[in-house]
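Enquirer: Before we start, here is the structure in question, set down as structure tokens.
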Amino acid sequence: MRIGLGIIAALCCCIVLVSDLDAQRRGDRKKRRNSKGLKVAEMAPEFKLKSLDGKSEFDLAKAKKGKKPIVLIFGSYT
Amino acid sequence: MYQKYKDVAEFRMIYIKEAHAADSNWPMRYAIEKGINQQTNYKDRCTTAKMLMKEKKLTMPMLIDGMDNKVNAAYSALPDRVFLVRTDGRLGVAADRGPWGFKPGLKAVDKWLKEYRETKKEPELSEEALAAAKKKEKTKKK
């Protein structure tokens, strides 16, 4: 009886340990994913790109002087 | 959001390379259906961008990343990502990449611009974030 209880307790401990490790791993993965690239307060990398119609060029350095904050939304069709 | 805040902020959508093109290892079903492959030239990228603008009825000014994908790389933006650049050139919002970061990013931008409109001042950067950014800049210079 005592041996049986001991085995159950040991199994419970193992389950708790494994789920803890798994949660930690998930947390680490999330941290790595979130820490990729730029962060708040860092300087925005400067760039120049053409508009879709090809008629104008957007220069971030010049646009900043316009005294308006700039929202950049990156994406594609897919 | 563009319509809501275009009087207080500049908006630019930056069209970058396809994240889940039909010919990629992880294609989206609609990419296969519409035959959207990874573009191999700038003209094709513009054509797909125009298709997106038309289908989603987007009115926001759009820029096209070059075939060197330089801007995408500088901002680590793939598959999608939202940023807000303050007037001092620092990032006021730098959302996480991808679907887990996009909507929270838009929310953060909305919050930032709402405060900006109400107070006529840019929300301040936290001291910790600014210190960390300056430390990183110093390390880069060395």
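Enquirer: Can you spot a residue in region B:36-53 that is open to solvent by 80 Å² or more (accessible area, probe 1.4 Å) and basic (Lys, Arg)?
Expert: yes
Enquirer: Here is a list of conditions, (1) part of a loop (DSSP other than H, G, I, E, B); (2) within 30 Å of B:LYS114 (Cβ to Cβ); (3) at the interface with chain A (Cβ under 10 Å from one of its Cβ atoms); (4) touching a residue at least 40 places away in the same chain (Cβ under 8 Å), and B:ARG12 meets all of them except one; can you say which number that is?
Expert: (1)
Enquirer: Please identify the pairs in which a residue from region A:62-77 that is among the basic types (Lys, Arg) has its Cβ atom under 6 Å from the Cβ atom of a residue that is surrounded by fewer than 24 Cβ atoms within 10 Å (Cβ to Cβ), counting only partners at least 6 apart or on another chain.
Expert: That search, which allows pairs on different chains as well, returns A:LYS64/B:GLY89; A:LYS67/B:THR87; A:LYS68/B:ALA9; A:LYS68/B:GLU10.
Enquirer: Identify all residues within region B:80-95 that are of a type outside the set (A, V, I, L, M, F, W, C), open to solvent by 10 Å² or more (accessible area, probe 1.4 Å) and within 7 Å of chain A (Cβ to nearest Cβ); write none if there are none.
Expert: Matches in region B:80-95: B:ASP80, B:ARG86, B:THR87, B:ARG90, B:GLY92.
Enquirer: For residues that are assigned to a helix (DSSP H, G or I), charged (D, E, K, R) and open to solvent by less than 50 Å² (accessible area, probe 1.4 Å), tally how many sit in region A:37-69.
Expert: Number satisfying all stated conditions: 1.
Enquirer: Within 30 Å of A:MET43 (Cα to Cα) and at the interface with another protein chain (Cβ under 8 Å from one of its Cβ atoms): which single residue out of B:ALA77, B:ALA31, B:ALA73 fits that description?
Expert: Exactly one of B:ALA77, B:ALA31, B:ALA73 is within 30 Å of A:MET43 (Cα to Cα) and at the interface with another protein chain (Cβ under 8 Å from one of its Cβ atoms), namely B:ALA77.
Enquirer: So which pairs qualify, if the first residue must be in region B:114-138 and facing chain A (nearest Cβ under 9 Å), the second must be open to solvent by less than 50 Å² (accessible area, probe 1.4 Å) and in a helix (DSSP H, G or I), the Cβ gap must be under 9 Å, and the two must be at least 6 apart or on different chains?
Expert: If the second residue must be open to solvent by less than 50 Å² (accessible area, probe 1.4 Å) and in a helix (DSSP H, G or I), the pairs left are B:TYR116/B:TYR5; B:GLU122/B:TRP112; B:GLU122/B:TYR116; B:LEU125/B:ALA133.
Enquirer: Hey, another quick one. Quick check on my filter: what residues within region B:35-50 are at the interface with chain A (Cβ under 8 Å from one of its Cβ atoms) and in contact (Cβ under 8 Å) with a residue 12 or more places away in the chain?
Expert: Selection gives B:ILE36, B:CYS46, B:THR48, B:ALA49.
Enquirer: For region B:101-108, state whether one or more residues are touching a Pro at 6+ places or on another chain (Cβ under 9 Å) and of a type in the set (A, V, I, L, M).
Expert: no
Enquirer: Additional query: Give me a count of the residues in region B:15-27 that are within 7 Å of another protein chain (Cβ to nearest Cβ) and either in a strand (DSSP E or B) or of a type in the set (Ser, Thr, Tyr) (or both).
Expert: The number of residues fulfilling the criteria is 1.
Enquirer: Among the residues of region B:113-133, is there at least one that is under 19 Å from the mean Cα position of the chain (by Cα) and buried (at least 20 other Cβ atoms within 10 Å of the Cβ)?
Expert: Looking through region B:113-133, at least one residue is under 19 Å from the mean Cα position of the chain (by Cα) and buried (at least 20 other Cβ atoms within 10 Å of the Cβ).
The values are calculated or read from the model by the stated rules, or taken from the named source; none is laboratory data. Being a predicted model, the structure only gives us computed values, none of them experimental. Positions of Cβ are backbone-derived with ideal geometry, glycine not excepted, and every protein chain shown enters the neighbour counts. Heads up: the accessible areas ignore ligands, DNA and RNA and are worked out on the full protein's heavy atoms, side chains in. Shrake-Rupley method; radii C 1.70, N 1.55, O 1.52, S 1.80 Å.
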